[in-house]
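This report concerns only the one structure given below.
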Amino acid sequence: MPQFEDFISENYDSRISTLARIKARSLGADTLVLSALTVLAYAQLEGGVKDASACVIKHVNARNMELGEIAPKLLAWRNQDEIARFRLMVDFDMIGTTSPFAPALKRRVKVKAINRRHELNQMSWAALKRLYDGFGLDLAFVERSAARIDELVDARNEAAHHGVMPKTAAALLENQVRQNVLTVENVLTDLSLQLLTFFSNRMHRR
């Protein structure tokens, strides 16, 4: 398996390189091209976040951890069905025992992988916040871009799903594209920097 840090860095470098080409191509472009570049900028956000997140979970699972060892926030995000399993275990016989859940917590489990086809297909601020919370990451920096992230999602949906051409003048739309690229760069930079120390800071563990 490739080194975790290498994958995160390579994923980041690839996305940032594409974003740089989007900025270069936006110079003097017409509204049709700028609309397409908006969709492509969004794709770097969604794809970059999905790839990095999937890599984290894959490397958590490679450690073959016990349920009781895994960070509770990660389980609450990815393995909510485990709560129902514990509820079914509760009876009066176990209540008086010293460690009623000890055997269940020793069970080795896999953190539910991200389904790239069906999950995180709308990388809105709410979705990104759930992901950050699930990994236990600091939201302070990306929270400043919450409104711009949702604006990018809306613009992408209008162009990709409805084929609606923006009514904004090309010069203004060009500036919006570059602002969108900056927002995506900021999110991917922050996410990648925090994930690089995810395992060394033992954030995968309880």
Exercise for review: Report yes if some residue within region 20-28 is touching a Gly at 6+ places or on another chain (Cβ under 9 Å), in contact (Cβ under 8 Å) with a residue 40 or more places away in the chain and of a type in the set (Lys, Arg); otherwise report no.
Suggested key: no
Practice item. Being aliphatic (A, V, I, L, M) and outside any helix (DSSP H, G or I) is the filter here, so list the residues in region 124-153 that pass it. Key: Leu137, Leu139, Ala140
Practice item. Out of Glu174, Glu185, report the one residue that is under 19 Å from Gln44 (Cα atoms) and modelled with pLDDT of 95 or more. Key: Glu185
Review point. Would region 120-132 turn up any residue that is under 30 Å from Ala62 (Cα atoms), aromatic (Phe, Trp, Tyr) and either open to solvent by 70 Å² or more (accessible area, probe 1.4 Å) or without any contact (Cβ under 8 Å) to a residue 60 or more places away in the chain (or both)?
Key: yes
Review point. Among the listed residues Ser9, Ser35, which satisfies the condition of being at pLDDT below 95, open to solvent by less than 70 Å² (accessible area, probe 1.4 Å) and of a type outside the set (A, V, I, L, M, F, W, C)?
Key: Ser35
**Study point:** Unique residue being assigned to a helix (DSSP H, G or I), basic (Lys, Arg), loosely packed, with under 15 Cβ neighbours inside 10 Å and free of Cβ contacts under 8 Å to residues at least 24 places away in the same chain when the list is Arg87, Arg117
**Key:** Arg87
Study note, to complete from the structure: How many residues of region 62-84 are aliphatic (A, V, I, L, M) and either touching a strand residue (DSSP E or B) at 6+ places or on another chain (Cβ under 8 Å) or in a loop (DSSP other than H, G, I, E, B) (or both)? The answer is 5
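The values are calculated or read from the model by the stated rules, or taken from the named source; none is laboratory data. It should be emphasised that the depicted structure is a prediction, and the values quoted were computed from it without experimental measurement. Cβ sites come from the backbone with ideal geometry, for glycine too, and all protein chains shown count toward neighbours. These area figures cover heavy atoms from the full protein model, side chains too; ligands, DNA and RNA do not enter into them. Shrake-Rupley method; radii C 1.70, N 1.55, O 1.52, S 1.80 Å.
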